[in-house]
Structure formats: C-alpha cells, structure tokens
1. Working only within region 177-206, note down all residues that are not charged (D, E, K, R) and not in a loop (DSSP other than H, G, I, E, B).
2. Would region 116-133 turn up any residue that is surrounded by 13 or more Cβ atoms within 10 Å (Cβ to Cβ), β-branched (V, I, T) and free of Cβ contacts under 8 Å to residues at least 60 places away in the same chain?
3. Under 8 Å between Cβ atoms, at least 6 apart or on separate chains: pull out the pairs that start in region 49-64 with a residue that is at negative phi and open to solvent by 50 Å² or more (accessible area, probe 1.4 Å) and end on any residue that is part of a helix (DSSP H, G or I) and hydrophobic (A, V, I, L, M, F, W, C).
4. Could we say that Q99 is over 24 Å from T19 (Cα atoms), at pLDDT 95 or above and among the polar types (S, T, N, Q) here?
5. Would region 100-109 turn up any residue that is closer than 30 Å to R71 by Cα, within 12 Å of the chain's Cα centre (by Cα) and either of a type in the set (S, T, N, Q) or open to solvent by 40 Å² or more (accessible area, probe 1.4 Å) (or both)?
6. Please specify each residue of region 171-227 satisfying the condition of being open to solvent by 30 Å² or more (accessible area, probe 1.4 Å) and β-branched (V, I, T).
7. If you take the residues of region 228-237 that are out of contact with any strand residue (DSSP E or B) (no Cβ under 7 Å at 6 or more places or on another chain) and part of a helix (DSSP H, G or I), which of them is surrounded by the most Cβ atoms within 10 Å (Cβ to Cβ)?
8. Just to be sure I understand the filter: pairs with C-beta atoms under 8 Å, separated by 6 or more residues or on different chains, first member in region 78-93 and more than 13 Å from D168 (Cβ to Cβ), second member at pLDDT below 85 and surrounded by 19 or more Cβ atoms within 10 Å (Cβ to Cβ). Which pairs pass?
Amino acid sequence: PGVYLNGAEGPDVLSSYTTIYLREEIQAEAIAKNIGSYARFLDLAAEVSGDWINYSKLASDSEIPKETIRRFYSILEETLIAFRVPPFRSKKSHRRVSQRDRILFFDLGVRNAVLGLHRSELGPTEKGKLFEHWFLLQCLYFIRSQKKDWKLMSYRTDGGAEVDLIVDLGKKYLAVECKYGKIVSEVQMRGLRSFEEIANKPVEKWVVYQGESSQTFTMGERAVPYRDFLLKILPEY
C-alpha cells in the first residue's frame with residue numbers, strides 16, 4: 001500500500017527493490033551462484049508469472065538447463081517471492097489433463113518492475129493477464145490470512161479447456177474462472193463444465209468478471225462481479 005499511495009515516488013521504490021533485493025541480495029548470499037543465468041531467469045520468470053509453466057520451453061528460450069530453472073524457482077518460493085499453484089490431478093479422467101504448475105510472483109508491482117513495465121501504460125492483453133494474476137493472489141492471501149485448510153489448484157486439458165482456480169474445500173470444489181471483460185456468455189463455460197465432468201466430488205462453478213450484475217447459466221454456473229466474490233462469497237465458506 002505504501003508504494004501505491006506514494007504517488008510519483010512509488011515506481012522508484014519498486015525499481016530499488018527489484019535491483020537491490022531480487023537481483024543483488026539473493027545473489028550476494030550465494031543462493032544463486034550462477035549470476036548471469038539467474039538474471040536471465042528472473043526476467044523470464046516475471047514474464048511468464050501466472051502462466052502454466054513449460055520448463056522445457058523456458059530452458060530453450062533462456063539457454064539455461066531445465067534443472068537449473070527448477071532450482072531457481074525453488075529459490076523464489078523459499079524467499080517468498082513466488083507461490084506455486086499445482087495442477088489438479090484426477091484418476092477419474094480419461095482425457096489428458098496438463099500437469100504443469102502455475103507460479104505467481106507475490107506482487108504485481110514487483111513483477112512489472114522486473115520487466116520495466118511499472119512506469120508504462122499497459123495494453124488490454126496485459127491488463128487481462130494481470131487481472132487474473134491479481135485475483136489468484138487475493139484468493140491465496142485470503143486463505144492464508146484466515147488460516148483456511150484449503151488447497152489451491154488449477155485445471156487445464158491438452159484440448160485447451162481451462163479453469164483458472166480450483167479451491168478444494170474438503171467436501172466440494174470451487175471452480176473459478178476469471179474474465180477481464182464486462183460481459184460473460186454461455187460459450188465461456190467450457191472449462192468449468194469440463195472440470196465438473198472429471199471431478200470426484202461436487203463442484204460449484206463461478207465466473208468472476210468486471211461487470212456489475214450477477215448471472216446464472218444453463219448448467220448452474222454463476223457469474224458475479226469480482227468484488228462480490230472476494231468480499232462476500234468467499235468469506236462465507
């Protein structure tokens with residue numbers, strides 16, 4: 001909040017943080033011995049933060065061995081710079097479900113500062129990606145602050161069906177899809193319905209978006225403004 005409320009000086013604080021802590025202190029402590037590789041990795045990790053991680057592609061793009069990339073990601077987790085959202089695993093499904101993790105930087109301002117985007121106006125595509133990233137972080141922080149014994153996962157099939165967030169409440173799942181737009185349609189329910197078909201317990205299907213009204217779709221999915229979900233719906237569980 002201090003960075004956000006600090007007006008013109010906020011971007012300078014973010015720049016200093018990424019330079020002094022992320023790039024220098026971690027390396028100085030010899031957590032990452034290969035400084036050149038770590039610097040390249042940090043930029044790439046910020047760029048793909050929130051995506052489903054393809055270690056082989058990252059290794060190819062960065063020319064860093066895959067196992068080194070895995071070790072660097074472990075460093076980010078150990079230093080609380082990033083959080084891992086594991087994939088949903090089911091023995092029930094015959095379709096191919098992706099087993100890739102999603103790894104999130106803990107703060108979007110820091111992520112943007114690593115990439116040099118914190119002083120720039122972002123385009124619609126980038127804003128959509130960051131909205132989803134931000135929403136996942138809010139759910140994660142809520143669960144941690146309230147000491148909920150819930151598990152977070154994500155779902156993606158090789159056929160392209162996706163659910164951004166699966167919350168395992170124990171007796172049932174919350175399946176949540178994030179949409180940056182202000183309109184939600186029936187065709188956007190594909191991922192939620194795909195997940196419900198393979199789930200091994202009841203599923204509540206939600207879409208959060210930037211519109212102002214709530215909607216219910218033909219197979220029970222509910223679309224709500226993201227503020228309502230975070231401030232009213234999630235705390236009720």
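1. Initial filter on region 177-206 (not charged (D, E, K, R)): 178, 180-181, 183-185, 187-189, 191-192, 194-195, 198-200, 202-203, 206.
Matches in region 177-206: C178, V187, Q188, M189, G191, L192, S194, F195, I198, V203, W206.
2. Among the residues of region 116-133, not one is surrounded by 13 or more Cβ atoms within 10 Å (Cβ to Cβ), β-branched (V, I, T) and free of Cβ contacts under 8 Å to residues at least 60 places away in the same chain, which makes the answer no.
3. Here the result reads D61/L44, each pair linking region 49-64 to a residue that is part of a helix (DSSP H, G or I) and hydrophobic (A, V, I, L, M, F, W, C).
4. On the way: over 24 Å from T19 (Cα atoms): yes; at pLDDT 95 or above: no; among the polar types (S, T, N, Q): yes.
No: the conditions fail for Q99.
5. Checked region 100-109: at least one residue is closer than 30 Å to R71 by Cα, within 12 Å of the chain's Cα centre (by Cα) and either of a type in the set (S, T, N, Q) or open to solvent by 40 Å² or more (accessible area, probe 1.4 Å) (or both).
6. Result: I183, V187, T216, T218.
7. L234
8. T79/I26; I81/L22
The values are calculated or read from the model by the stated rules, or taken from the named source; none is laboratory data. None of the values given here were measured: they were computed from a predicted structure. Using ideal geometry, Cβ is built from the backbone for each residue, glycine included, and neighbour counts are taken over all protein chains shown. In case anyone asks, the SASA skips ligands and DNA or RNA and just uses the protein heavy atoms, side chains included. Shrake-Rupley method; radii C 1.70, N 1.55, O 1.52, S 1.80 Å.
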